[in-house]
1. Give me a comma-separated list of calculated 3J(HN,Hα) values for region 64-75, in order, Karplus coefficients 6.51, -1.76, 1.60 applied at θ = phi - 60°, integers in Hz, x for any Gly or Pro.
2. Return the sequence-ordered ³J(HN,Hα) values of region 10-16 in whole Hz as given by the Karplus equation 6.51 cos²θ - 1.76 cosθ + 1.60 applied to θ = phi - 60°, using x for Gly and Pro.
3. Once the piece of chain linking Glu114 and Glu46 is laid out straight, how much longer is it, given 0.36 nm per residue of separation minus the C-alpha distance between them?
4. What whole number of Å gives the distance from the Cα centroid of region 62-114 to the Cα centroid of region 21-53?
5. Take each of the peptides 101-109, 43-51, average the number of other beta-carbon atoms within 10 Å over its residues, and list them starting from the highest.
6. What are the ³J(HN,Hα) couplings of region 121-126, residue after residue, when phi is run through the Karplus curve with 6.51, -1.76, 1.60 and θ = phi - 60°? Round to Hz, x for glycine and proline.
7. What spacing in nm lies between the two simple spin-label points modelled at Ile92 and Glu18, each 7 Å away from Cα in the Cβ direction?
8. Putting +1 on Lys and Arg Cβ atoms and -1 on Asp and Glu Cβ atoms, find which of Gly50, Tyr16, Gly115 reaches farthest to the positive end of the dipole of the chain.
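Every number in this text was worked out from the coordinates using simple rules, so none of it is lab data. Since we're looking at a predicted model, the values are computed, not measured. Positions of Cβ are generated from backbone atoms using ideal geometry, with glycine treated the same way; all protein chains shown enter the neighbour counts.
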Amino acid sequence: MTISIHDQVELANRDYYEAFEARDLVLMMDQWSSRDDIVCIPPVGEAALGWRAVEGVYRDAFSAMDGSTVEMEVLSVSIEDPIATVSCSERIFKDDGTSDCEFLATNVYLLEREGWRIIHHHASWRTIAQTRMFGVDGLLDED
């Protein structure tokens, strides 16, 4: 059975978040392209350019996330083969089940021999205004 390109991209994106949830640095870096020009822009800290710098971002993030879990929701997928863009919402839950961190993220994938690999990740603090830009209602509680 052949998997559609859309499903391949969604699987790659799911694998990225599973690596994040597992805090598995080796598995995480397997999700990334080995290109020298990959970029990771985390919501906290400096932007990272290049494989080693991106690896450092995840090493730091994993050490800071003891007991936390990540919930991801795909907002949109855009494919212009061999490039795909996935826009997501990310919510971080503490070990007590509460959440005070919500982000909007963009993951850009490149189709390589090994499959879809991330070449760019950008996450920003989520606001109601940003959510409405996606045309998505009801994702945030407006208390």
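1. Each residue's phi maps through the Karplus curve to give 8, 10, 3, x, 8, 10, 10, 10, 10, 10, 6, 9 Hz.
2. Working through the residues one at a time gives 5, 5, 4, 5, 4, 4, 4 Hz.
3. 21.6 nm
4. So the separation of the two Cα centres works out to 13 Å.
5. On the way: 101-109: 20.0, 43-51: 14.3.
The peptides rank, most packed first, as 101-109, 43-51.
6. Calculated HN-Hα couplings, in order: 10, 9, 10, 10, 4, 8 Hz.
7. 2.3
8. Result: Gly50, furthest along the dipole toward the positive end.
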